Amino acid sequence: MGSTETKTTEQIVDITPRAAREIRKVMSENDIPEAHGLRIGVKGGGCSGLSYVLGFEEQPRETDTVFQREGLTVYVDPKSLPHLDGTTLDFAGGLDGRGFVFNNPNAKKTCGCGQSFCG
């Protein structure tokens, strides 16, 4: 796990109950089996330099960190770990829009869309 060896999985990413309900809803609407894991990661790009990635995969990759949150299996690749450490994934459904929200203490700058950040 590289630089995260002293971290517990509780310190990586948290998922709120509201976000977990929405993830299960997306899985159900798209016929994604419950056994699939939720991939959370970051990739280069977006307004601020890095953007978040959410998806579903049948199996983790060999180098993934795998943990459970709110009854969901979560996969995070080693390059994304430092950027996501301490992040909370939530879901907002207010007047200003609906969608997943990343509350990331590592983000030094975020863009208006909330989907990209500078670490």
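Looking only at residues of segment 33-46 that are more than 19 Å from F67 (Cα to Cα) and without any contact (Cβ under 8 Å) to a residue 60 or more places away in the chain, we find that the one that is surrounded by the most Cβ atoms within 10 Å (Cβ to Cβ) is K43. No other residue among F67, F102, F56 is in a strand (DSSP E or B), crowded, with 18+ Cβ neighbours inside 10 Å, at pLDDT 90 or above and not small (G, A, S) apart from F102.
All conditions but one from (1) modelled with pLDDT of 95 or more; (2) over 21 Å from N106 (Cα atoms) apply to L89; the one that does not is (2).
The values are calculated or read from the model by the stated rules, or taken from the named source; none is laboratory data. Because the structure is a prediction, the values reported are computed rather than measured. When we count neighbours, we look across all protein chains shown, and the Cβ atoms used for this are built from the backbone with ideal geometry, even at glycine.
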